[in-house]
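Data first, discussion second: the structure below is written as structure tokens.
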Amino acid sequence: MAVQFSEAALKEYEEIVTRYPDKKATLLPALWLAQREFGYVSDEVLEYIAQLVGMPAVKVYEVAEFYTMFHKKKPGKYHLQLCQTISCYLRGAEDLRSYIQETLQVLPGETSADGLFSFQLVECLGSCHTAPVIKINDEYYDSLTVEKLDAIIRHLKKNSSGEDHGV
Amino acid sequence: MQKMITVNINNQEYEVQEDCNIVEACDAHNIPLQRFCYHRYLPVDGSCRTCMVEIETPQGMMVTTACTTKVKPGMAIYTNSEKAVAAQKSALEFLLLDHPLDCPICDKAGECLLQDNYFDFGRYDFRRTVARYFKGGKALNAGEHIVLDQERCILCRRCIRFFDEIVRTPELGIISRGHESSISLFPEKFIRNPYSGNSADICPVGALTLKEFRFKQRVWFLKKTKSICTQCARGCSIYIEHNKNTVWRFMPRENPALNRVWMCDRGRFSFNKLHEKRIFTPLKHQEEISFNQLYDDIAELLKTRRSGEIAWVVGPFSSNETYYALKTYCGDNAVCLMPPASGERDDLLMLAEEYPNAQGATFFGLQTETAPLIDKIQKGRIAALIIVEMDLFNLRNDSFAQCLMENIHKIPLKIYLTAYRDETVARVDYVVPVRTYAETNGTFINATSLLQKACQALVPEHPDIDAACIALYTIATGARKHQRRYSDASEMYDKLRSHYDELRSFQFNQIPEYGIALNMPKRADEPFKGIHVDFNVCSTAKPLEES
Ligand code: SF4
Ligand code: SF4
Ligand code: FES
Ligand code: FES
């Protein structure tokens with residue numbers, strides 16, 4: 001099998017195993033670890049995890065497909081997760097969605113042609129009091145307007161032409 | 001015998017088995033109740049939510065799924081109360097909501113639970129106001145035998161449970177969520193297990209269909225004949241399903257003590273063989289002759305031989321009636337060759353002996369020791385050899401076949417009774433066409449000593465083609481057609497049964513559906529060895545007609 005955890009990740013996984021009475025219980029943490037390690041969970045990665053956790057590959061596939069937070073395809077450098085649940089919806093999430101779709105030319109589930117931005121609609125991000133919310137990679141951007149989002153996107157585009165990886 | 005308790009269903013008292021669930025209780029008394037995910041031979045899942053009933057509990061009336069609820073003494077159950085019916089209809093409505101409704105081109109039509117249940121329990125007013133959702137995933141290649149139509153799937157998980165729990169090769173899963181959920185294989189993988197055909201049987205809709213049956217026949221044209229599979233010594237109970245004298249599929253037939261309601265792919269897809277390489281006309285030195293001439297010639301030729309010079313060779317492929325005819329009419333020079341057991345085997349059903357009736361040959365006391373006959377052939381003391389339903393010249397690594405090839409010139413007369421144009425046909429003097437097991441009645445004894453009957457499904461191509469047992473009788477006795485004692489193989493069975501205590505009380509047409517368990521040593525373990533599946537077959541339930 002081609003893919004494999006780095007030694008550090010493997011050590012981390014072994015520590016996770018000690019927390020549960022049954023190895024199968026490590027499936028979700030193992031998938032998280034894999035997504036962190038490889039950036040996304042390809043079919044190959046799923047088969048590796050299946051072997052690691054000792055489960056049939058199709059059962060691992062079921063779980064990875066159930067949770068939308070696991071990426072089956074390589075995401076963009078910046079992964080935009082727009083909340084589409086009620087509070088954000090009422091506070092203008094639809095406008096943000098149109099803005100993203102038009103300016104970046106991506107539909108939900110797609111990655112922009114330059115590989116910079118991927119776009120996903122998600123359910124409540126638990127930050128309704130600052131709606132509407134977008135999560136970009138692991139950062140929250142609160143109380144957004146189209147103008148604010150536009151500024152953020154410009155900033156990210158500019159950054160990525162240099163070597164700055166911070167969001 | 002199971003302990004029985006009394007429950008109250010729709011205000012009437014019924015006796016039911018103590019450990020059954022409400023679906024099973026209803027089935028035992030023919031009380032209609034829809035279901036999809038429940039299957040008699042699979043663990044209960046409770047995933048389709050259609051088998052809704054209302055029950056009385058200490059907390060008051062409760063609507064619940066019948067398949068996940070075990071009966072309790074005195075339990076009051078309503079399948080037809082207002083709430084129960086409303087719940088049944090709503091659950092069903094959801095299943096049909098995004099269904100493609102391509103029944104006209106769906107092979108399942110006619111035996112589809114969605115059709116049947118909707119007919120009985122559905123609501124007919126279409127209430128959808130938002131746009132239809134098309135799931136897609138049509139006619140995907142899911143394996144050697146299986147085609148998958150994801151959008152027809154109602155997510156009952158029967159196929160998943162069958163692969164997970166019975167075959168123990170988890171290959172299918174449900175991916176995504178909500179209305180997008182679909183049945184799926186792992187990407188780029190295919191169903192590979194040797195029992196895959198069963199998934200199409202138990203799929204309540206047309207999501208899993210068989211490549212070998214797709215678009216071949218409408219199921220309502222098929223006639224079902226009770227028979228057995230002859231591809232290995234397990235002898236699974238099957239239906240031969242046929243129309244216009246052609247077999248279109250084999251379907252496993254329920255037999256709780258044998259194959260439950262499963263069969264392997266090797267057996268299932270052997271049905272084509274019944275129509276391949278058939279031989280319908282008698283041959284004399286490879287020239288076609290009439291049946292009259294055939295039997296006249298043979299009678300004439302055998303008349304001049306002493307019985308000690310005539311040898312009979314059969315294999316474990318023939319019916320009990322054929323063995324009985326050999327034993328009764330053909331003298332002492334009859335042997336049964338046992339080809340090596342070289343097929344695939346496992347703990348479920350498949351056995352390595354790829355022939356159906358080695359036990360029958362044992363039961364009728366046929367000689368299996370070939371050395372004396374080999375000796376006689378080598379010394380040129382065999383003047384006539386009659387080979388019965390076994391492709392002897394195609395047997396590899398068999399000492400008898402070897403000897404025969406080397407000494408064939410020493411046997412002046414070779415006669416072959418066969419249904420198929422195989423290698424042996426070209427090496428003999430006379431070929432006597434006989435019927436396949438699907439063209440005659442017959443009985444067989446499987447590896448675990450169960451005697452079952454295989455009933456006649458097809459009419460032979462030519463009226464003079466006989467069952468092997470009758471052809472043998474004719475040859476051995478020199479009887480003319482009008483002198484024959486038997487007009488059908490079942491009469492041969494009815495004759496032989498009188499000699500055996502275990503069979504005496506069963507006429508051919510009274511042989512029980514699940515067979516007769518004979519008290520003789522078994523050649524194999526019971527099926528499903530070490531496979532513990534949590535299912536429960538009520539002794540009071542009537543046989544499963546279809547999934
Ligand atoms: S494919 Fe058929 S058996 Fe499998 S879950 Fe779907 S409807 Fe049920
Ligand atoms: S297990 Fe044997 S008897 Fe049963 S279906 Fe398969 S080949 Fe036929
Ligand atoms: S609704 Fe968007 S964060 Fe809760
Ligand atoms: S049959 Fe009871 S929930 Fe499916």
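The values are calculated or read from the model by the stated rules, or taken from the named source; none is laboratory data. A quick note: this is a predicted structure, and the numbers were derived from the prediction, not measured. Heads up, the Cβs are rebuilt from the backbone with ideal geometry, glycines too, and the neighbour counts pull from every protein chain shown.
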Inset, instruction - Go through (1) under 28 Å from the mean Cα position of the chain (by Cα); (2) in a strand (DSSP E or B); (3) hydrophobic (A, V, I, L, M, F, W, C) one by one and return the number of the condition B:VAL23 breaks. - result: (2)
Inset, instruction - From the list A:LEU27, A:LEU80, pick out the single residue that is at pLDDT 95 or above, crowded, with 18+ Cβ neighbours inside 10 Å and assigned to a strand (DSSP E or B). - result: A:LEU80
Inset, instruction - Can you run down the residue pairs with Cβ atoms below 6 Å, 6 or more apart or on separate chains, where the first is in the stretch B:227-240 and away from chain A (no Cβ under 14 Å) and among the β-branched types (Val, Ile, Thr) and the partner is near ligand 2 (Cβ under 6 Å from one of its atoms) and assigned to a loop (DSSP other than H, G, I, E, B)? - result: B:ILE228/B:GLY235; B:ILE238/B:CYS229
Legend entry - Filter result for B:ILE228 (within 16 Å of ligand 2 (Cβ to nearest atom), among the β-branched types (Val, Ile, Thr), closer than 22 Å to B:GLY442 by Cα and modelled with pLDDT of 95 or more): yes
Legend entry - Enumeration of residues in the stretch B:441-450 that are crowded, with 24+ Cβ neighbours inside 10 Å and closer than 12 Å to B:ALA358 by Cα: B:PHE444, B:ILE445, B:ASN446
Legend entry - Residue identified as in contact (Cβ under 8 Å) with a residue 60 or more places away in the chain, outside the structural domain of B:ASN198 (by TED's automatic domain parsing) and either part of a strand (DSSP E or B) or within 16 Å of ligand 1 (Cβ to nearest atom) (or both) among B:CYS67, B:CYS37: B:CYS37
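When the residues of the stretch B:178-195 are narrowed to those that are in a loop (DSSP other than H, G, I, E, B) and within 26 Å of B:MET263 (Cα to Cα), which ends up farthest from the chain's Cα centre (by Cα)?
Filtering the stretch B:178-195 for residues in a loop (DSSP other than H, G, I, E, B) gives B:181, B:186-190, B:192-195.
If we keep only those that are within 26 Å of B:MET263 (Cα to Cα) too, we end up with B:186, B:189-190, B:192-195.
Values: B:PHE186: 31, B:LYS189: 29, B:PHE190: 25, B:ARG192: 21, B:ASN193: 18, B:PRO194: 15, B:TYR195: 13 Å.
In this case the residue turns out to be B:PHE186.
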Inset, instruction - Those residues that are surrounded by 21 or more Cβ atoms within 10 Å (Cβ to Cβ) and among the charged types (D, E, K, R), I need them from the stretch B:225-240; list them, please. - result: B:ARG234
Legend entry - Tally of residues being in contact with a strand residue (DSSP E or B) (Cβ under 7 Å, 6 or more places away or on another chain) and among the basic types (Lys, Arg) across the stretch B:257-283: 3
Inset, instruction - May I ask you to verify whether B:TRP312 is of a type in the set (Phe, Trp, Tyr) and either over 24 Å from the mean Cα position of the chain (by Cα) or more than 16 Å from ligand 2 (Cβ to nearest atom) (or both)? - result: yes
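I'd like the residue in the stretch B:186-200 that is more than 13 Å from B:GLU144 (Cβ to Cβ) and crowded, with 17+ Cβ neighbours inside 10 Å and, out of all such residues, is nearest to the other protein chains (Cβ to nearest Cβ).
B:PHE186
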Inset, instruction - Report yes if A:LEU96 is within 16 Å of ligand 3 (Cβ to nearest atom) and outside any strand (DSSP E or B), otherwise no. - result: yes
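So, restricting to strands (runs of 3 or more DSSP E) that lie completely within the stretch B:201-275, which ones have at least 2 residues that are in contact with a Pro (Cβ under 9 Å, 6 or more places away or on another chain)?
Working: elements: B:208-210, B:223-228, B:237-243, B:246-252.
Qualifying strands (runs of 3 or more DSSP E): B:237-243.
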Inset, instruction - Count, please, the residues in the stretch B:166-180 that happen to be more than 9 Å from chain A (Cβ to nearest Cβ) and either in contact with a Lys or Arg (Cβ under 6 Å, 6 or more places away or on another chain) or surrounded by 17 or more Cβ atoms within 10 Å (Cβ to Cβ) (or both). - result: 2
Legend entry - Selection status of B:ALA352, touching a strand residue (DSSP E or B) at 6+ places or on another chain (Cβ under 8 Å), among the hydrophobic types (A, V, I, L, M, F, W, C) and either in a loop (DSSP other than H, G, I, E, B) or closer than 22 Å to B:SER449 by Cβ (or both): no
Inset, instruction - Go through the residues of the stretch A:38-59 one by one and say whether even a single one is over 21 Å from the mean Cα position of the chain (by Cα), on the phi > 0 side of the Ramachandran plot and more than 14 Å from chain B (Cβ to nearest Cβ). - result: no
